[in-house]
1. Quick one: which residues, 5+ away or cross-chain, put their amide H under 5 Å from the amide H of Q91? H built at 1.01 Å from N.
2. With a 1.4 Å probe and all protein chains in place, put F150, F46 in order of accessible area, largest first.
3. Could you run the Karplus curve 6.51 cos²θ - 1.76 cosθ + 1.60 with θ = phi - 60° over region 142-149 and give me ³J(HN,Hα) per residue in whole Hz, x for Gly and Pro?
4. Among (1) 16.7; (2) 14.1; (3) 10.7, find the value of mean projected area of the Cα convex hull in nm² that was calculated from the structure presented, and write down its label.
5. Relative contact order for region 1-71 using alpha-carbon pairs under 8 Å, separation at least 6, rounded to a whole percent?
6. Could you pull out every residue, at least 5 positions away or on a different chain, whose amide H is within less than 5 Å of the one on L127? Hs are placed 1.01 Å off N in the peptide plane, and Pro or chain starts have none.
7. Per-residue HN-Hα couplings for region 212-220, Karplus 6.51 cos²θ - 1.76 cosθ + 1.60 at θ = phi - 60°, whole Hz, x for Gly and Pro?
8. Please check which bits of region 38-53 a label hung off I169 would reach, taking the label as a point 7 Å along Cα-to-C-beta and the cut-off as backbone N under 14 Å.
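The values are calculated or read from the model by the stated rules, or taken from the named source; none is laboratory data. Only a predicted model underlies this, so the values are computations on that prediction, with no experimental measurement involved. Reconstructed Cβ throughout: ideal geometry from the backbone, glycine too, with neighbour counts over all protein chains shown. To get the accessible areas, we keep the full protein, side chains included, count just its heavy atoms, and leave off ligands, DNA and RNA. Shrake-Rupley method; radii C 1.70, N 1.55, O 1.52, S 1.80 Å.
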Amino acid sequence: GTYRAARASVDVALTAAEIVVGGARFAYGLCRPPGHHAAADVFGGFCFFNNAAIVAHHVAATTGSKVTVLDVDYHHGNGTQQIFYERDDVQFVSLHGDPKRAYPWYIGHAEETGSGAGRGTTVNVPLPAETPDDVYEIRLADVLSRIAAFGPSLVVLSLGVDTYWNDPISDLALTTEGYRRSGKLLGELGLPVVVLQEGGYDVEAIGRNVHAWLDGLLAA
């Protein structure tokens, strides 16, 4: 059933994008399986088709506008970076656990900024272990200014909540309230946002943490 599920996840993502392109401020796509580790020709990390990349490419290709993918999952979105690394119409911005200690290990370093036409359109912010809410929000505010300067028509948010302090396989220290404030920061950018679900492994906390992100977006 993997192929059917992965294709259905793509359909969910594209439907969320259709809602936003049609005029909504935000839409949330509950994508399962997730997508951001899937590159153009390889799957990994529970990801088979890259939902966020498919949405970003579709919007850029059909509207002629620029798009930003903002990835806040603990694990770097290596697939998304690979897909857009040489393109200038899609910006990839990621805050994540430093790949020196975190999956996918080999990609996601700060010096990776794009190549060719895409030089400067990749922004990586590796974070130290135990990064708390206040430090995270400073880093997020900084990359949001980079997004504003890029001038996209919308943002695709790869929303992972495995940055939570109690996540069993990650080591950052964000709280539910920190997610709400992060969502508000993004909402204050004033851009439409397609929110697509990525990771999160504290099963009891996933729902309230996602709700907090969405509440923050709506409160902006």
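1. V67, T68, V69
2. Ranked list, largest accessible area first: F46, F150.
3. 5, 6, 5, 5, 5, 5, 4, 5
4. (3)
5. 26 percent
6. Residues meeting the amide H criterion: H96, G97, D98.
7. In residue order, the calculated couplings are 4, 4, 5, 4, x, 4, 5, 7, 5 Hz.
8. From region 38-53, the list is 38, 44-48.
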